[in-house]
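Each remark here refers to the structure printed beneath this line.
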């Protein structure tokens with residue numbers, strides 16, 4: 001399994017939450033190879049997500065680009081890694 005770990009700056013928490021619930025999560029859940037995902041609010045201005053896919057190619061396929069914007073957020077880092085363990 002492979003994960004994509006994304007950090008974001010949040011500029012509008014209401015817009016970000018709405019887009020996450022209405023657009024992002026349903027889209028990611030329907031992506032090929034999706035295993036599971038978590039979206040974490042770190043503080044008022046920052047968040048991160050960890051989304052796991054069956055293969056590295058699937059993890060990379062739908063990942064956002066650094067600097068890209070969605071309603072209420074800007075992507076600040078996007079990293080990929082092999083899942084070493086889970087519980």
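Overview of values
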item	result
Extension reserve of the residue 12-residue 44 stretch, reckoned as 0.36 nm per residue once the Cα distance is removed	10.6 nm
25, 10 arranged by Cβ crowding within 10 Å, fewest neighbours leading	25, 10
Relative packing of 28-38, 50-60, which averages over residues the other C-beta atoms within 10 Å, highest first	50-60, 28-38
Fewest-first ranking of 2, 19, using other Cβ atoms within 10 Å as the exposure measure	19, 2
Residues 77, 49, 13 arranged by fewest to most Cβ contacts within 10 Å	77, 13, 49
Sum of -39500 (n - 2.57) over DSSP H runs of 4+, divided by residues of the chain (222 nm, nearest 500)	-4500 deg cm²/dmol
Relative contact order for the chain, counting Cα pairs under 8 Å that sit 6 or more residues apart, in percent	47
Calculated Rg/Rh (Cα atoms, Kirkwood Rh) (choose from (i) 0.93; (ii) 0.95; (iii) 1.02), label	(ii)
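Every number in this text was worked out from the coordinates using simple rules, so none of it is lab data. Note that this is a predicted model, so its numbers are computed, not measured. Backbone-built Cβ (ideal geometry, glycine too); neighbour counts: all protein chains shown.
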